[in-house]
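Data first, discussion second: the structure below is written as C-alpha cells.
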Amino acid sequence: MYPTGALIVNLRPNTLSASYKHLTVCIKPFKDSAGANIYLEKTGELKLLVRDGDHSPNKVYCFGYDQGGLFIEATPQQDISRKITGFQYELINKGTASDLHTVSGWGQGVHGILALDGENVASQQPVSDVKYDMSPCRPCSDTEVLLAVCTSDFVVRGSIRDVTNEAEQQESVIDISANKLYRQKSKVFQPTEENGSWRGQIKTPLECGVRPGDGDFLFTGRMQFGEARLGCAPRFKDFQRMYKEAKDKGLNPCEIGPD
C-alpha cells in the first residue's frame with residue numbers, strides 16, 4: 001500500500017535568538033518532487049503552499065518564520081510506484097536595522113535539503129551562511145546599498161554586456177563584465193584574459209525589465225539555491241556619493257575602497 005499520513009517539519013536556525021522572529025523561510029521544490037501537498041501549519045490551521053505536481057521548475061515559496069511550520073501530507077495515489085517529495089530550503093534573516101549602527105547580525109541564515117519518500121526522512125546538516133533579503137525590483141535606498149555592500153555574497157564593479165530574457169522561467173540572465181571584484185563567496189565571476197577583467201552571470205525576475213546600458217554599476221547580490229541573484233545595483237558614481245556621505249558622518253557599516 002502507498003504510504004499515507006503526514007508529518008510536520010519545523011525549520012530552525014543553528015542558534016536561536018530574539019532575531020528568529022524576523023526570519024523568512026524559503027523552499028524550492030525539486031523539479032521531480034511528487035506525492036504530497038505542502039501546507040503551512042499553525043495552531044491546527046492549514047494553508048496550502050505547494051500543491052502536489054503544481055509547481056514550476058524554479059519557483060520559490062517564501063513565508064515568515066512566525067507563520068508556522070510545514071505540514072507535508074501524502075496525496076492519494078492510483079499506483080504503487082515510488083514518489084519522493086523533496087525541496088531545498090533557506091532561512092533568511094531580513095534584519096531590522098533602522099540605521100547603520102544596528103547592522104550587527106544582519107543577514108544570518110541557514111540552508112539545506114530535505115527529502116522524504118514515505119519511509120525515510122533525510123536532511124542535510126544546516127550550514128551557516130550570509131544572506132539578505134529585499135524586493136528584487138524596488139530601487140534600494142542609500143542605507144540598503146551600504147548594508148548590501150557589507151553583507152552580500154558578491155560585490156563587483158562592472159557593466160552589463162548582455163541580457164537574456166527567459167520567458168518560460170520568468171527570469172532575466174544578466175551577463176556582466178567586472179573590472180573590480182570586491183567580494184564573492186562562490187565562483188560566480190571568473191577571470192578572463194582581457195586586461196584582468198572578470199565575467200559572470202546574475203539572475204533577476206523578468207518583471208524587473210533589466211536592459212543593457214552604458215556605464216559602470218556596483219552589482220551586489222546573494223546566492224539563492226546555488227544561483228546568483230541580483231540585489232542592489234546602483235550606478236557606480238551614485239555609490240561613490242553614498243559612500244562618501246556616510247563616511248563623512250561616521251556611519252559606514254564597513255570599509256570598502258570605492259575608487
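The values are calculated or read from the model by the stated rules, or taken from the named source; none is laboratory data. Not measured: the values here are computed from a predicted model. With ideal geometry, Cβ positions are generated from the backbone for all residues, glycine too; neighbour counts draw on all protein chains shown. Side chains are part of the model used for accessible areas, which takes the heavy atoms of the whole protein and leaves out ligands, DNA and RNA. Shrake-Rupley method; radii C 1.70, N 1.55, O 1.52, S 1.80 Å.
Which condition does Asp79 not pass, out of (1) open to solvent by 60 Å² or more (accessible area, probe 1.4 Å); (2) modelled with pLDDT of 65 or more; (3) in contact with a helix residue (DSSP H, G or I) (Cβ under 6 Å, 6 or more places away or on another chain), if it passes all the others?
Answer for Asp79: the failing condition is (3).
Taking the condition of being surrounded by 13 or more Cβ atoms within 10 Å (Cβ to Cβ), acidic (Asp, Glu) and either at pLDDT below 85 or in a strand (DSSP E or B) (or both), how many residues in region 7-64 meet it?
Residues meeting the conditions: 1.
Limited to region 27-46, what total is found for residues that are more than 19 Å from Phe225 (Cα to Cα) and acidic (Asp, Glu)?
2
Confirm whether Lys237 is touching a strand residue (DSSP E or B) at 6+ places or on another chain (Cβ under 9 Å) and not β-branched (Val, Ile, Thr).
Working: touching a strand residue (DSSP E or B) at 6+ places or on another chain (Cβ under 9 Å): no; not β-branched (Val, Ile, Thr): yes.
The answer is no for Lys237.
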